[in-house]
Amino acid sequence: MMNIAVFASGNGSNFQAIYDATQRGDLQANITIVVCDKPGASVIERAEKVGIPTLVCSPKEFASKAAYEQEIVKELATKKVEFIILAGYMRIIGEVLLKQYPNRIVNIHPSLLPAFPGKDAVGQALKAGVKVTGVTVHYVDAGMDTGPIIDQVIVPIGEADTREQVEHHIHFVEHRFYPEVLQRVLTKQTLKA
Ligand code: GAR
């Protein structure tokens with residue numbers, strides 16, 4: 001079974017969904033560490049509650065992005081991490097991590113990329129007036145929400161939908177979709193290895 005790290009910056013509902021899937025056996029992977037760049041984020045409490053070690057470190061405490069990522073890489077090595085899952089990690093991945101984990105970092109984004117990358121994808125979709133948006137899972141490269149797309153799913157936006165309703169629908173979809181796509185990705189990676 002592959003050892004994975006989950007990186008998150010906020011609530012961590014996707015971390016929870018991924019963890020729950022590992023517990024059910026739907027996602028065959030071991031989460032050996034949760035990395036969080038925002039002290040106080042709810043994902044830390046979620047991880048602690050289920051006994052998963054956390055690395056909480058703010059990039060501000062380091063001289064450079066490279067130094068910050070080197071610290072993470074060091075910690076990931078002690079946890080024998082083979083694959084990185086970004087789940088609401090609101091930071092661009094730098095050279096150090098990309099070099100250490102080539103084609104082994106995936107991200108989820110709440111839009112049909114390449115539409116609406118970056119922050120507040122739902123807000124961007126509502127502002128644009130699109131009638132469908134969705135969720136994308138993709139490999140991570142040096143860009144912001146770029147990198148080869150692995151899979152996407154559509155989420156319709158109803159005429160009377162509020163922002164909260166769209167966000168709720170997106171999360172509902174993400175929590176099922178991400179573990180399912182990850183299981184496919186990790187199985188493929190295992191076969192390749
Ligand atoms: C998710 O909707 C995820 O797709 C998004 O952040 C949210 C995190 O929610 N990620 C991005 O916007 C990445 N650019 P969570 O903390 O409850 O899992």
Once a ≥ b ≥ c are taken as the square roots of the eigenvalues of the Cα gyration tensor of the stretch 117-184, is the result rounded (a/c under 1.5), prolate (a/b larger than b/c) or oblate (a/b not larger than b/c)?
-> oblate
Within the set PHE83, PHE15, PHE62, GNM on the chain using Cα springs under 10 Å gives the largest fluctuation to PHE62
Considering only SER42, SER58, SER111, give the residue with the highest GNM mean-square fluctuation for the chain, with springs between Cα atoms whenever their separation is below 10 Å.
-> SER58
Among ASN30, ASN14, ASN107, whose mean-square fluctuation peaks in a Gaussian network model of the chain (Cα, cutoff 10 Å)?
-> ASN30
Scaled by the rule-of-thumb 2.2 N^0.38 Å, the alpha carbon Rg for the chain gives a ratio of 1.00
May I ask you to derive the relative contact order of the chain, considering only C-alpha pairs under 8 Å and at least 6 residues apart, and to give it as an integer percent?
-> 21
Percent of Cα pairs exceeding the 15 Å cut-off, where the set is the stretch 26-126 | 68
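A short reminder: the numbers here are calculations on the coordinates, not readings from a lab. As the structure is a prediction and not an experimental result, all values here were calculated from the model.
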